[in-house]
Structure formats: C-alpha cells, structure tokens
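The values are calculated or read from the model by the stated rules, or taken from the named source; none is laboratory data. Every value quoted in this text rests on a predicted model; they were computed, and no experiment measured them. In this analysis, Cβ positions are derived from the backbone assuming ideal geometry, glycine residues included, and neighbour counts consider all displayed protein chains. Note: areas computed on protein heavy atoms with side chains; ligands, DNA, RNA excluded. Shrake-Rupley method; radii C 1.70, N 1.55, O 1.52, S 1.80 Å.
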Amino acid sequence: MAIRKVGVVGCGLMGSGIAQISAQAGFPTVVREISPELLERGMGSIRKFLRGGVEKGKLIQADMDKALASLEGTTKLEDLAGCDLVIEAATENLAVKKELFQALDGLCGPEAIFASNTSSLSITEMSTFVKRPERVIGLHFFNPVPLMKLVEVVHTLRTDAGALAAAKAWCMAIGKTVVSCGDSTGFVVNRLLIPYMVDAVRAFEQGLASRDDIDNAMKLGCGYPMGPLFLADYVGLDTTYYITEIMFNEFKEPRFAAPPLLKRMVLAGMHGRKTGRGFYDWSTHPPS
Ligand code: CAA
C-alpha cells in the first residue's frame, strides 16, 4: 500500500516536527492536539522553523506556503479518519496511548498503519490495544526532527511486511534515513545514548571534571555536536530520567540506572531547556 495521507497525534516538540516534515514533503497531513492553545503553540513553532529556513536561505517562500497548505491542525481525533499512516507522538504514558489507539482503531480504515514515536515504551504492548496488531510499528524520530536525519523503524514479532515496507518508503520520501530494529526497549540509539548521558551526569556528580570540561571533552575530543550534559538538557532531564527508569526496569543493568543527581534535578523542576534551568541556564542566549 502507498501512504497518501498522514495523521500525527500530538503537536508538541516531536509531533510538530513530524507533521512539519510530512507536510513539507507534500503529504496532506493532519495534526491533532488536545486543546486549541496547545495546537496554536505547536503550529506557531512550525511556522517559526519554516520562516527561519526561509531567512537562512534553506527554503523558498513558495515551499513554505506549500508546506503550510498541506498541513491541517485539529483538536478532533475524528479528523484523522482518512489517514493511511497515523503517528502517535503524545505524552509517554501507556494509558494515554492505549486510549488513543483504541479510539483510532474504530475511526481509521482497516489498512491504516499505526505508528508510535515512543522512545522507550513497548511497541508490542501497544499492538495489543488494537484489532490490527500486525499494522502497529514504531517510528522513532530524533530531536530536532526537521534536522536529524534518522528514523528508527521498529517491528514487532508480528508486524506485517507490507506495512513495514510502506512505512519505510514514507520515511525515505520525507528525506529520512531509516534503520530497522526489533522491539527492544530503547531500540538502538537510546540503548547506546542513555548510558553515555547518565555516565556523564555520574562523572559530574563524582567531581571528575566541571560541566564545561565534560562537555568540551566530548565535543572537541570526539567531534560530537553537543556535549552530553548540554544534550541531556536539550532532550529534557525529565525525559532522560523517565527513559532510564524504563530501561533499568527492563534490563536490570546498572548502566541504565539514573544517578541520584539526575533524579534530584528532576524533582527540583530543573528539566533543562524546557523549564529554563538544568545543567545550563537556558534563559540566556546562548545558554550559560
Ligand atoms: N530550516 C532549514 N534548515 C535549518 C533551519 C531551518 N529553520 N535551522 C537550521 N537549519 C540548518 C542549518 O542551516 C544547518 O545546515 P548546514 O549544515 O547545511 O549548514 C543545519 O540545519 C544545522 O543548523 P545550525 O547550524 O543552526 O545548528 P548547529 O550546527 O548548531 O546544529 C543540531 C544543531 C543539528 C541540533 C546539532 O547541534 C546536533 O546535531 N545536536 C545533537 C542533537 C541530538 O543528538 N539529537 C538527538 C537527541 S536524542 C532524541 O531525540 C531521542 C530520544 O529518544 C531521547
């Protein structure tokens, strides 16, 4: 089957990016948020990114207009009924995802593919929420979605080969490179990235080096675009902590365990970029 129309559930950091690149690639795309305020915030960030692209000379105005014309925002899940692919990028809460997928199962055609952008929850478990488990996959995008080239395409033990091929073809049509992997908690990237980031927090907590020295070590010594503490702030310390909990519960390996400092920063409301304060102060530009 070919994917013609795309639905995205959630217009936050990830959902807005996914909706944007889908529309930019010319796919009629409907993005749904739970309130007009959240929808407007997400659509505003899409417009801002596209405008930035025009100002940087990466995009011409006509392409921006075309992308916005392919994009429809809604607060009604029913508006996703005609979509061939629905990507869920809602909050990382299995109960929320269950309710969404069950509702979508009743709304969308039997051939529609359901994907989750989850970074660590089980795609197999999500597939049990619907009457089409063989059409449920993971499409894990990376932040910032419009700039990061990768999508992890996740299959379960019972994913239909045709559905998987159609989803991969769509990822390539929107300009991404795919890696395929099975449904193991954290997939490939977070299996490797999370221990690295939490090790950096541990090194900082134990006084090995200062924040800037740890980040500069990895930036300048290994050529990484961001140091690990800056990246943890960028991803969100709450999100990072949440992923460590899921991964530790799954694998019971100390390398996935959250260092006490990470837990305390999250408890103190220091979630990184999104709350303005983490390892860095994000109220200044650049973060200090
Ligand atoms: N429209 C189009 N292009 C744009 C743009 C826009 N609005 N804004 C920027 N760009 C382009 C720039 O022109 C530039 O292009 P060239 O390379 O061709 O010059 C490119 O995008 C990079 O932009 P900048 O130069 O402004 O920014 P940068 O060089 O500082 O890079 C970054 C920014 C891409 C975010 C880089 O720092 C990076 O790769 N960081 C690592 C991010 C990362 O690791 N993300 C994954 C997090 S983990 C995750 O998401 C998953 C999870 O489950 C936790």
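Does the stretch 99-137 hold any residues that are within 16 Å of the ligand (Cβ to nearest atom) and either part of a loop (DSSP other than H, G, I, E, B) or farther than 17 Å from VAL9 by Cβ (or both), and which are they? Matches in the stretch 99-137: ASN117, THR118, SER119, SER120, LEU121, SER122. Selection of the stretch 227-268 for residues being open to solvent by less than 40 Å² (accessible area, probe 1.4 Å), more than 16 Å from the ligand (Cβ to nearest atom) and in a helix (DSSP H, G or I) yields only MET265.
Taking residues in the stretch 141-167 that are in contact (Cβ under 8 Å) with a residue 40 or more places away in the chain, and partners anywhere that are of a type in the set (Val, Ile, Thr) and open to solvent by 30 Å² or more (accessible area, probe 1.4 Å), the pairs with Cβ atoms closer than 9 Å and at least 6 places apart or on different chains are PHE142/VAL189; ASN143/VAL235; ALA167/VAL178.
Among the residues making up the stretch 19-43, those that are over 18 Å from GLU88 (Cβ atoms) and either assigned to a strand (DSSP E or B) or within 14 Å of the ligand (Cβ to nearest atom) (or both) are GLN24, ALA25. What's the number of the condition GLY12 fails, among (1) open to solvent by less than 50 Å² (accessible area, probe 1.4 Å); (2) touching a Ser or Thr at 6+ places or on another chain (Cβ under 6 Å)? Every condition holds for GLY12 apart from (2).
Residues are listed down the side, and each one gets a yes or a no for (1) among the basic types (Lys, Arg); (2) open to solvent by 40 Å² or more (accessible area, probe 1.4 Å); (3) within 16 Å of the ligand (Cβ to nearest atom); (4) in contact with an Asp or Glu (Cβ under 9 Å, 6 or more places away or on another chain):
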| residue | (1), (2), (3), (4) |
| --- | --- |
| SER45 | no, yes, yes, no |
| LYS58 | yes, yes, yes, no |
| GLN61 | no, yes, yes, no |
| SER70 | no, no, no, no |
| THR75 | no, yes, no, yes |
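Any residue in the stretch 83-106 that is among the polar types (S, T, N, Q) and open to solvent by less than 60 Å² (accessible area, probe 1.4 Å)? Outline the logic, then answer.
First pass over the stretch 83-106, keeping only residues among the polar types (S, T, N, Q): 91, 93, 102.
Narrowing the set further to residues that are open to solvent by less than 60 Å² (accessible area, probe 1.4 Å) leaves none.
Scanning the stretch 83-106 turns up no residue that is among the polar types (S, T, N, Q) and open to solvent by less than 60 Å² (accessible area, probe 1.4 Å).
Is it fair to say GLY53 is more than 10 Å from the ligand (Cβ to nearest atom) and either under 22 Å from VAL151 (Cα atoms) or in contact with a strand residue (DSSP E or B) (Cβ under 8 Å, 6 or more places away or on another chain) (or both)? It is false that GLY53 is more than 10 Å from the ligand (Cβ to nearest atom) and either under 22 Å from VAL151 (Cα atoms) or in contact with a strand residue (DSSP E or B) (Cβ under 8 Å, 6 or more places away or on another chain) (or both).
Residues LEU150, LEU208: which one is closer than 21 Å to ILE243 by Cβ and surrounded by fewer than 17 Cβ atoms within 10 Å (Cβ to Cβ)?
Working: LEU208 fails: closer than 21 Å to ILE243 by Cβ.
Result: LEU150 is the single residue among LEU150, LEU208 that is closer than 21 Å to ILE243 by Cβ and surrounded by fewer than 17 Cβ atoms within 10 Å (Cβ to Cβ).
Of the numbered criteria (1) surrounded by 15 or more Cβ atoms within 10 Å (Cβ to Cβ); (2) free of Cβ contacts under 8 Å to residues at least 40 places away in the same chain; (3) of a type in the set (Gly, Ala, Ser); (4) assigned to a strand (DSSP E or B), the one ALA200 fails is (4).
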